[in-house]
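A.B. asks: Sharing a structure here in structure tokens format.
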Amino acid sequence: MNNNISAKDSILKIAKKRVRFKQHVIIFFLFNLFIWVVYFFIFKGKHSGDATFLKAILFILILWSIVLVGHYFFAMKWTKKMLEREVKELLKEVEQ
């Protein structure tokens, strides 16, 4: 019974991480959409600050993309391997 609760807790933690990742992706796309719309409607074609704002957008996009990739691996890939390992250990304990 205790192992069953532990497995459910592990699955719940993984599900929470995956939901947070999906929320992160949605916020990432909405923010980038907003910032590009601001760029095209306000700064595009103006000579003052045009290059600076574009560089800032690209810097934010690249940096946040790197963070998002790390979040993906943490929430989806590495967690799956850890869960599989934990399930195998729990199955061994139940068999004994």
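A.B. asks: Of the residues in the stretch 30-46, how many are closer than 30 Å to Phe73 by Cα and surrounded by fewer than 11 Cβ atoms within 10 Å (Cβ to Cβ)?
C.D. replies: Kept after step one, since they are closer than 30 Å to Phe73 by Cα, are these residues of the stretch 30-46: 30-37.
Narrowing the set further to residues that are surrounded by fewer than 11 Cβ atoms within 10 Å (Cβ to Cβ) leaves 30, 33-34, 37.
Qualifying residue count, the stretch 30-46: 4.
A.B. asks: In addition: So for the stretch 80-91 (the condition being modelled with pLDDT of 85 or more and either in a helix (DSSP H, G or I) or touching a strand residue (DSSP E or B) at 6+ places or on another chain (Cβ under 6 Å) (or both)), does at least one residue qualify?
C.D. replies: No; the residues of the stretch 80-91 include none that is modelled with pLDDT of 85 or more and either in a helix (DSSP H, G or I) or touching a strand residue (DSSP E or B) at 6+ places or on another chain (Cβ under 6 Å) (or both).
A.B. asks: Next up: In the stretch 46-67, how many residues are among the acidic types (Asp, Glu) and modelled with pLDDT of 90 or more?
C.D. replies: Count: 0.
The values are calculated or read from the model by the stated rules, or taken from the named source; none is laboratory data. All values derive from a computational prediction rather than experimental measurement. All Cβ positions, even for glycine, are placed from backbone atoms using ideal geometry, and neighbour counts span all protein chains on display.
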